[in-house]
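Let me begin by presenting the structure, written as C-alpha cells, before commenting on it.
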Ligand SMILES: Cc1cc2nc3c(=O)[nH]c(=O)nc-3n(C[C@H](O)[C@H](O)[C@H](O)COP(=O)(O)OP(=O)(O)OC[C@H]3O[C@@H](n4cnc5c(N)ncnc54)[C@H](O)[C@@H]3O)c2cc1C
Ligand SMILES: Cc1cc2nc3c(=O)[nH]c(=O)nc-3n(C[C@H](O)[C@H](O)[C@H](O)COP(=O)(O)O)c2cc1C
C-alpha cells in the first residue's frame, strides 16, 4: 500500500510508524512544510492512561517518550492568595520538539520517507509527484488544514472561534506541579495553565477574557510587550525567570482565540482527515495530541484489517468519532468554565478549586476521593463547616443541613414535584398520603407535593390535586402532619395554574392531549394553543388576572394553615405563569407583554400577593424553565435576569428546571442536563438554587453541591423507583449517622452490613 501523509505533526508521524510496524512493505511518505526541528509551542501533556495506549501500540516509542518526560501528580490552584493542592492526577509532560524528534527518528529507522520543507498545495494532490500514486492521502495538516478547506463542500467543516484570548509561552521556571494561577490585574483577571515538560522548561499558557485583554492594551501590543506585561503580573510565580515565545511562525499577534474544529465527515475518496484537521479539543483539557495520536492508532489498525480501503476508513471514522465527541464535550464544558470565570470569582478558594477540578464533568467527587482522599476530606470538612454542621465526621455534602428563613433541612436531597393524577375532585387521598409519606420516611430532606392547583379550572387533568376548598386543606393537613410527626423531612407545596396546558388527560392516557369529553375552558397570556389538538385559550383580561391572583393567595393561606414548610410557585413548563414569562406564548400588546419586564409583571404580582399572605418565617421558591430550548425563547441570560427580579421581591430559592414550554423545543438531554442553568443562576444572580433533571446518583449530588452549582438537588424519577433513595445512598457511602425511622432500625443494620460486605468484596 502507498500512503502519503501531509503533515509531520504527532498524528502524521505516529501513523507512519504504525503502518510500517504493521507491514514493512507499505510505502509511507510524510511531507512536512517545516524543517525537522522547527516547532511551535512548548510542551504537551499526556495522562497515564494515554501512555498505556501508546505502550500497547509501539513499545519502543513509548519507552523513548518515558525517558524524556516530566511526571507529576499534583495540581496547584492559586487563587486569592491561597494555594489549593489536589494530588493523584498522574500526568506527564514532554516537549513537543522532543516528541517530534523521537517520532521522526523512529519513522526514519523504519523506512518512512520523510520530506521536510515541502508545502503541499491542495490543488496539486493529483499531480504532485509525492502524492500522485498514493492509494491513500492522509490530511494530518493541523488545525488550519488547507486540504480540509480546499474540499470544504465534502468534509463540511464546522469551525467555532471561542471568546477568550490565550498565548502559548515557555519559561525556565521548573514548576513542581501542574499550576493554575489566577491573577487579578488592574485590567481584569488573567490566568495561567503551566506545567514542566523537561528538566528545566515549563509551558506557560496565559488566558484572559477579550475585555481584560483589550483593557490591558494587548490588542495593540507586540509579543515582547505582552511578555513584559505578563512577566510583571506573574513575577511572584516566575522565580526571576523570563517568559519566552517561539511563535515567530505566527503572522500578527501571538495571542490567539481557540478554534473548535468539527467536520461532517472525515473522508473524501482516498483522502482522510486525522488529528487537528479533523477535530480539536480545548487546550485546557490537554488532549489535542492524545487525540491525534490515538487517531493514528485507530487508523493504522483498521487499515491493517484487510477489509478494503473504503471500509477501513469508514470504521476508523465510526470508532473515533464517538471518543472524539466525548472529549470535545468535556472540552466544551472546560472552555465554557474559563469563559464564565467571572461567575466563580466570588467563591472561596476551596470551592473555586473544586469547581475548576470538576469543570469538564469527567472528574467526579468519588474520582477525586480516589485520587487524593485527604484533599477530598478537606473539601467535605469545609463544606460541612460552611453549612453550619458541628459533628467532626459530618459526612458528604448531601448530608449537610440547609436553612432558608425559619426552615432547616436535615440534608440536601429533595423529592421533586411529581403529578400523580390520582386526586378525586382535587382532594389528595390515601394514595398521596402513602406516596409522600413513604418518601418522607425514605430520608429526603424535603418532599414536594405535585403541582397543586389553585382552582378547579386551573387543573392540568381531572386527576390533579387542588387547594381551592376546605376539603383540600383537610386532606393536605393529614399528609403534612404525618410527615412532621413520623419523619425528619420538611414538606413543600407547589402551587400552580395550568393555563393553556389545562384540560388534558392523566399522564398515562396521553400526556398533554385534550380530554376526549368534558373539557373546560382555558385561559392564558395569549390565545395560542399548546398544540394542534389543544384548545385555543382565551386571552386573560385584567379581571381574570385579579381572580387568578386571589386564587393563588387563597391557596397560599390554606397551605399555611395546613402547615407546609415551603411554598413554591410553579412558573415553569408552559403552565399559566410560565406562559406569561416566555415570549413564545406571550404575544400581548399591553403592559403584560413585550419586554421581559412586562412579561414578568403578572407573575410578580402573583408572587408579591402570595409572599404577603405566606408567613414571613417560611421560605418561598419559584420554579423556572431556565431555557425554552427553542428559537426566540428564554435562555440562560434571561433566566439570570428573571431570578434576580424574584430575589429582589423576596424569593428564597429558584428551582431550576427547563423546557416543556413549547412543542417546538429541542432539549439537549444527558446526565445532569439542567444543572448548568442552576450553576449559572446561583453564581450570577446570587440566589440559592435547586438543581434537577437526570441527577441519579450520590456522586453527582455531592459534586454539584461541593462545586456550588446548586444548594439542593431534586430527584423525581429516581424517587419513583426507590422511596428510600436517601437511606440507601447513605449506606452506600458508609454514612452510618443517617437516621432511619425507629421502627426500621433492624433493616438499617442489615442493609449497612450487606453494603459493607459488597464494598469489601470489590467488583465481581
Ligand atoms: C496553546 C495550546 C496548547 C496545547 N497544549 C496541548 C497539550 O498540553 N497536550 C496536548 O495533547 N495537546 C496540546 N495542544 C494541541 C496540540 O498542539 C495539537 O492537538 C496536536 O499538535 C495535533 O497534532 P496534529 O499532528 O494533528 O497537528 P499538528 O501538530 O498541528 O501538525 C500538523 C503539521 O502539518 C504541517 N502542515 C500543515 N499544512 C501543511 C501543508 N500544506 N503541507 C505540508 N505540511 C503541512 C504543519 O507544519 C504541522 O507540522 C495544544 C494546542 C495549543 C494551541
Ligand atoms: C411523573 C412525573 C410527574 C411530574 N409532575 C411535575 C409537577 O407536578 N410539577 C413540576 O414542577 N414538575 C413535575 N415533573 C418534573 C419533575 O419534577 C422533574 O423536574 C423532572 O422529572 C426531571 O427530574 P428527574 O430527571 O429526576 O426525573 C414531573 C415528573 C414526573 C416524572
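Data overview
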| quantity | calculated |
| --- | --- |
| Residue count for segment 378-410, restricted to those that are farther than 28 Å from residue 454 by Cα and touching a strand residue (DSSP E or B) at 6+ places or on another chain (Cβ under 8 Å) | 5 |
| Unique match (being under 27 Å from residue 630 (Cα atoms), assigned to a helix (DSSP H, G or I) and more than 16 Å from ligand 1 (Cβ to nearest atom)) among 500, 549 | 500 |
| Check on residue 81, farther than 18 Å from residue 297 by Cβ and surrounded by fewer than 19 Cβ atoms within 10 Å (Cβ to Cβ) | yes |
| Residue tally, condition buried (at least 20 other Cβ atoms within 10 Å of the Cβ), more than 18 Å from residue 93 (Cβ to Cβ) and touching a helix residue (DSSP H, G or I) at 6+ places or on another chain (Cβ under 7 Å), over segment 184-206 | 1 |
| Identity of the residue in segment 488-520, in contact with a helix residue (DSSP H, G or I) (Cβ under 7 Å, 6 or more places away or on another chain) and surrounded by fewer than 22 Cβ atoms within 10 Å (Cβ to Cβ), that ends up modelled with the highest pLDDT | 520 |
| Failed criterion for residue 218 (all others in (1) buried (at least 19 other Cβ atoms within 10 Å of the Cβ); (2) touching a residue at least 60 places away in the same chain (Cβ under 8 Å); (3) more than 19 Å from residue 78 (Cα to Cα) hold) | (2) |
| Out of 689, 661, sole residue that is touching a strand residue (DSSP E or B) at 6+ places or on another chain (Cβ under 6 Å), assigned to a loop (DSSP other than H, G, I, E, B) and away from ligand 1 (no atom under 16 Å from the Cβ) | 661 |
| Condition check for residue 753: within 16 Å of residue 448 (Cα to Cα), surrounded by fewer than 17 Cβ atoms within 10 Å (Cβ to Cβ) and either without any contact (Cβ under 8 Å) to a residue 60 or more places away in the chain or within 16 Å of ligand 1 (Cβ to nearest atom) (or both) | no |
| Flag if residue 211 is at negative phi and modelled with pLDDT of 95 or more | yes |
| Helices (runs of 4 or more DSSP H) completely within segment 1-81 that count 3 or more residues being touching a helix residue (DSSP H, G or I) at 6+ places or on another chain (Cβ under 8 Å) and within 13 Å of ligand 1 (Cβ to nearest atom) | 10-22, 48-57 |
| Pairs with Cβ under 8 Å, 6+ apart, first in segment 395-412 and on the phi < 0 side of the Ramachandran plot, second assigned to a strand (DSSP E or B) and surrounded by fewer than 16 Cβ atoms within 10 Å (Cβ to Cβ) | 401/408; 402/408; 409/403 |
| Residue within segment 698-718 that is at pLDDT 95 or above and over 30 Å from residue 340 (Cα atoms) present | yes |
| Residues located in segment 462-521, provided they are more than 16 Å from residue 534 (Cβ to Cβ) and without any contact (Cβ under 8 Å) to a residue 24 or more places away in the chain | 474, 485 |
| Odd one out for residue 43 among (1) farther than 16 Å from residue 178 by Cβ; (2) in contact with a strand residue (DSSP E or B) (Cβ under 8 Å, 6 or more places away or on another chain); (3) at pLDDT below 90 | (1) |
| Test result for residue 707, crowded, with 22+ Cβ neighbours inside 10 Å, under 19 Å from the mean Cα position of the chain (by Cα) and within 12 Å of ligand 2 (Cβ to nearest atom) | no |
| Residue check, residue 732 surrounded by fewer than 17 Cβ atoms within 10 Å (Cβ to Cβ) and at pLDDT below 95 | yes |
| So residue 538, is it at pLDDT 95 or above, in contact with a strand residue (DSSP E or B) (Cβ under 7 Å, 6 or more places away or on another chain), more than 17 Å from residue 628 (Cβ to Cβ) and surrounded by fewer than 22 Cβ atoms within 10 Å (Cβ to Cβ) | yes |
| Any hit, segment 477-495, residues being under 26 Å from residue 578 (Cα atoms), assigned to a loop (DSSP other than H, G, I, E, B) and within 16 Å of ligand 2 (Cβ to nearest atom) | no |
| Complete set of residues in segment 106-148 that are more than 9 Å from ligand 1 (Cβ to nearest atom), part of a helix (DSSP H, G or I) and farther than 25 Å from residue 49 by Cβ | 108, 109, 123, 124, 148 |
| Of all residues making up segment 672-686, the number that are within 16 Å of ligand 2 (Cβ to nearest atom) and part of a loop (DSSP other than H, G, I, E, B) | 3 |
| Test: residue in segment 581-599 that is closer than 13 Å to residue 496 by Cα, touching a residue at least 60 places away in the same chain (Cβ under 8 Å) and not in a helix (DSSP H, G or I) | no |
| Leading residue by the ranking (farthest from residue 352 (Cα to Cα)) among those in segment 712-733 that are out of contact with any helix residue (DSSP H, G or I) (no Cβ under 7 Å at 6 or more places or on another chain) and outside any helix (DSSP H, G or I) | 724 |
| Hey, residue 322 more than 12 Å from ligand 1 (Cβ to nearest atom) and either part of a helix (DSSP H, G or I) or without any contact (Cβ under 8 Å) to a residue 60 or more places away in the chain (or both) or not | yes |
| For residue 354: the one exception among (1) part of a loop (DSSP other than H, G, I, E, B); (2) under 22 Å from residue 681 (Cα atoms) | (1) |
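The values are calculated or read from the model by the stated rules, or taken from the named source; none is laboratory data. Since the model is a prediction, treat every value here as computed from it, not as a measurement. Cβ atoms come from the backbone with ideal geometry, glycine included; neighbour counts cover every protein chain shown.
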